[in-house]
1. Ignoring everything except DSSP H segments at least 4 long, calculate the 222 nm mean residue ellipticity for the chain; use -39,500 (n - 2.57) per segment, divide by total residues, nearest 500.
2. What FRET efficiency comes out for residue 34 versus residue 312 if R0 is 45 angstrom and r is the Cβ-Cβ distance? Round to the nearest 0.05.
3. Counting other Cβ atoms within 10 Å, which GluC sites (Glu not before Pro) in region 1-51 have at most 10 and lie in a DSSP loop?
4. Could you do me a favour and compute the accessible area per residue for the chain, 1.4 Å probe, result in Å²?
5. Under 15 Å from the Cβ of residue 288, count the other residues' Cβ atoms, weight Lys and Arg +1, Asp and Glu -1, and hand me the total.
6. Just give me a number: lysine pairs in region 7-165, eight or more positions apart or cross-chain, with C-alpha atoms less than 16 Å apart.
7. Which three lengths, in whole Å and largest first, does the chain cover when its Cα atoms are put on their principal axes?
8. Calculated FRET efficiency, residue 103 and residue 247, Cβ-Cβ r, R0 51 Å, to nearest 0.05?
Amino acid sequence: MADPDWMKEVRALVGKEYGRVYGWDPVNAPMARQWAEVVGVDNPIYAEGKVVPPAMLQVWCMEGPQTNHYPPGSTDENPYEALGLIEAHGYPSVVAVNSELEFDRYLAPGEKLYYTTRLDAIGEEKTTALGTGFFVTLKMTYFSQQAAGDEEVGRLLFRVFKFKPANPVKPTADKPAGPPKIKRPAPGISDDTRFFWDGAREGKLLIQRCKACGALRHPPGPCCPSCHSFEWDTLEASGRGTIYSFVVMHYPEVPPFEHPNPIGLIELEEGTRLVAQLIGVKPGEIEIGARVQVEFNRFETGAPDGNDDIVLPQFRPTAA
Ligand code: ZN
């Protein structure tokens, strides 16, 4: 396929060398040990800590959890600028095609690495099952900093396909594009706990009671912790109680919950406690010992089993 005109500007970048990107930490045994554990490498040569797994090459100069946060002295050029230009011309998708690592020798703890990047090639426009686009190849060369002159220790070839999808998903007029609304996580419901959730659906706060000794227990379980009896029935609690303790979740903010999110440990007047969300109270005004009353509220959940809602007991402070 003949190149579109704008592609000349992008092809002019082929062969460009981008500056150094340094590693935050020197090659070190703790990172190597953790990497080997995660990847499942148990070669005893690495347990000695004298050399590190060669396949970690790329790891040593990664930016870490913060995007584009590289150590001082690293280049501020963007080695991926060609991908950005191609994208700007209507090729939004990207898929990594292949990655090839070459190592010249083992690396040892204490070595300080950096790499440079070369935009190696941009293929002719191609149509694949995924769509139409360009294969873009980058080559990173890794060096170990040495007093006698930096030493090349390995290379990483990284190829991606930057493309327009063959069958793009188009937003329809009545269904605007955007992330789906996140729903409440559904509780795991078992034969031991189903009565509690079924009760909530009927507006009842059911507490498990041992048939042998009469002890109340929550959360529900198959066996009485006091007398070990498996016989039980339920008691419908009044829903009145006091705040025995509480926490206010500020962070992390997990949708769909509102934050700050106050959660109480409620002591029911029947004598057992349960954890539930507090409502109708400002987080700064929650008091231990405050009287509360249960309230049942329905929420949509993301449960895949067809039960797409849940009724939850929540507690609201009442006038003293
Ligand atoms: Zn019992």
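1. So the helix-based figure for the chain works out to -3000 deg cm²/dmol.
2. E(calc), rounded to 0.05, equals 0.70.
3. Passing both the DSSP loop test and the Cβ count: 48.
4. In whole numbers, the chain has 59 Å² accessible per residue.
5. Local net charge: -1.
6. Count of close lysine pairs: 5.
7. 78, 60, 39
8. After rounding, the FRET efficiency stands at 0.55.
The values are calculated or read from the model by the stated rules, or taken from the named source; none is laboratory data. Owing to the predicted nature of the structure, the values given are computational and were not obtained by experimental measurement. When we count neighbours, we look across all protein chains shown, and the Cβ atoms used for this are built from the backbone with ideal geometry, even at glycine. Remember, those area values only see protein heavy atoms, side chains included, never the ligands or the DNA or RNA. Shrake-Rupley method; radii C 1.70, N 1.55, O 1.52, S 1.80 Å.
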